[in-house]
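Enquirer: Before anything else, here's the structure in question.
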Amino acid sequence: MPDHDFRSPRLFVEADLCAGAGIGLDPAKANYLLNVMRLDAGAVVLAFNGRDGEWRCRIERTAKKKADLVPEQRLREQTPAPALAYLFAPLKHARLDYMVQKAVEMGAGILQPVMTQHVQASRVNVERMRANAIEAAEQCGILTIPDCREPLKLDAALEAYLPHGPMIFCDEREDAESPVATLARLPKGPLSLLIGPEGGFSTEERARLHAETSVTAISLGPRILRADTAAVAALAVVQATIGDWESAG
Ligand code: SAH
């Protein structure tokens, strides 16, 4: 991991970032920096917008409760979004928040909710997913906010993602070889990873997935994991075998 400033607060902003062009902070962000973090004029804040890399900015006070961020210097160049789409059956509230944050930390570039037969949450708040994704990216030095997409049914998800690369499907009934050996045979490049709901996939859905030649089932070991744990375990094994951990450090 390259040298990185983890001490200064880090904020996602929508505005373009270029030297000297002050960005007005909305009241929530101004309140966070001035009152929660107790920063004042001249303090350093890192900002990123998913397009222009990461900038060192200074706070400039414009009124009692208002402030601008003034970008001074680009510290890191923009990196492309990871080519890993994370497909998951949505969970309820707190577990979904957690799963989204962890998926962002683990390097998902697309977050795609998939409605399966035994899914527990009937609706997904994509705005809330994005807010969680932003929070995780801010905390972990990530430069791109994953694309948070509207839910798709399983069939539509297969249609949308299979043309773009292999799909890895975490199947709790797959008691075959180690996932490391299975994944090592897949080509490197764009791929999608699918995890089921707490209720598991239905028999029909499993049959449908096993019938697709570009879908590869993997096991995550002999224990059934909860979906949010499975997310972290699967993303770790994928990143370590055919993902971006290989080039890390
Ligand atoms: N209720 C189901 C378990 C669902 S776990 C049952 O008891 O059979 C939620 C999801 O996590 C599963 O659909 C699967 O995608 C993934 N998962 C959990 N444990 C797994 C394991 N040991 N191997 C592969 N996938 C697993």
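The values are calculated or read from the model by the stated rules, or taken from the named source; none is laboratory data. If you're wondering where the values come from, they're calculated on a predicted model, not measured in any experiment. All Cβ positions, glycine included, derive from the backbone under ideal geometry; neighbour counts span all protein chains shown. Ligands, DNA and RNA are excluded from the accessible area calculation, which covers all protein heavy atoms including side chains. Shrake-Rupley method; radii C 1.70, N 1.55, O 1.52, S 1.80 Å.
Enquirer: Within the stretch 58-96, work out how many residues are open to solvent by 70 Å² or more (accessible area, probe 1.4 Å), within 19 Å of Gly20 (Cα to Cα) and among the charged types (D, E, K, R).
Expert: Matching residues across the stretch 58-96 total 7.
Enquirer: Okay, moving on. Quick check on the stretch 60-99: of everything there that is free of Cβ contacts under 8 Å to residues at least 12 places away in the same chain and small (Gly, Ala, Ser), which residue is farthest from the ligand (Cβ to nearest atom)?
Expert: Here the residue is Ala63.
Enquirer: Out of (1) over 30 Å from Gly53 (Cβ atoms); (2) more than 7 Å from the ligand (Cβ to nearest atom), the odd one out for Arg226 is which?
Expert: Among (1) over 30 Å from Gly53 (Cβ atoms); (2) more than 7 Å from the ligand (Cβ to nearest atom), Arg226 violates only (2).
Enquirer: If I filter the stretch 97-105 for residues that are open to solvent by 70 Å² or more (accessible area, probe 1.4 Å) and among the basic types (Lys, Arg), do I get at least one hit?
Expert: No, because not a single residue in the stretch 97-105 is open to solvent by 70 Å² or more (accessible area, probe 1.4 Å) and among the basic types (Lys, Arg).
Enquirer: In the stretch 51-91, which residues are β-branched (Val, Ile, Thr) and touching a Lys or Arg at 6+ places or on another chain (Cβ under 9 Å)?
Expert: Val70
Enquirer: Is at least one residue of the stretch 1-22 among the hydroxyl-bearing types (Ser, Thr, Tyr) and open to solvent by less than 40 Å² (accessible area, probe 1.4 Å)?
Expert: Within the stretch 1-22, one or more residues are among the hydroxyl-bearing types (Ser, Thr, Tyr) and open to solvent by less than 40 Å² (accessible area, probe 1.4 Å).
Enquirer: State which residue is nearest to Leu91 (Cα to Cα) when the search covers only the stretch 139-150 and only residues that are open to solvent by less than 40 Å² (accessible area, probe 1.4 Å) and in contact (Cβ under 8 Å) with a residue 60 or more places away in the chain.
Expert: Pro146
Here's the yes/no breakdown for (1) more than 21 Å from Ala236 (Cβ to Cβ); (2) among the hydrophobic types (A, V, I, L, M, F, W, C); (3) at pLDDT 95 or above; (4) under 21 Å from the mean Cα position of the chain (by Cα):
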site	(1), (2), (3), (4)
Met115	yes, yes, yes, yes
Ala131	yes, yes, yes, yes
Lys153	yes, no, yes, yes
Ala157	yes, yes, yes, yes
Leu194	no, yes, yes, yes
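Enquirer: Among the residues of the stretch 209-232, is there at least one that is in the same structural domain as Leu158 (by TED's automatic domain parsing), in contact with a His (Cβ under 8 Å, 6 or more places away or on another chain) and under 25 Å from Arg95 (Cβ atoms)?
Expert: Yes: one or more hits.
Enquirer: Please count how many residues of the stretch 222-248 are part of a loop (DSSP other than H, G, I, E, B) and under 20 Å from Ala184 (Cβ atoms).
Expert: 6
Enquirer: Would you mind stating whether Gly243 is buried (at least 21 other Cβ atoms within 10 Å of the Cβ), among the small types (Gly, Ala, Ser) and away from the ligand (no atom under 14 Å from the Cβ)?
Expert: So Gly243 fits the description; yes.
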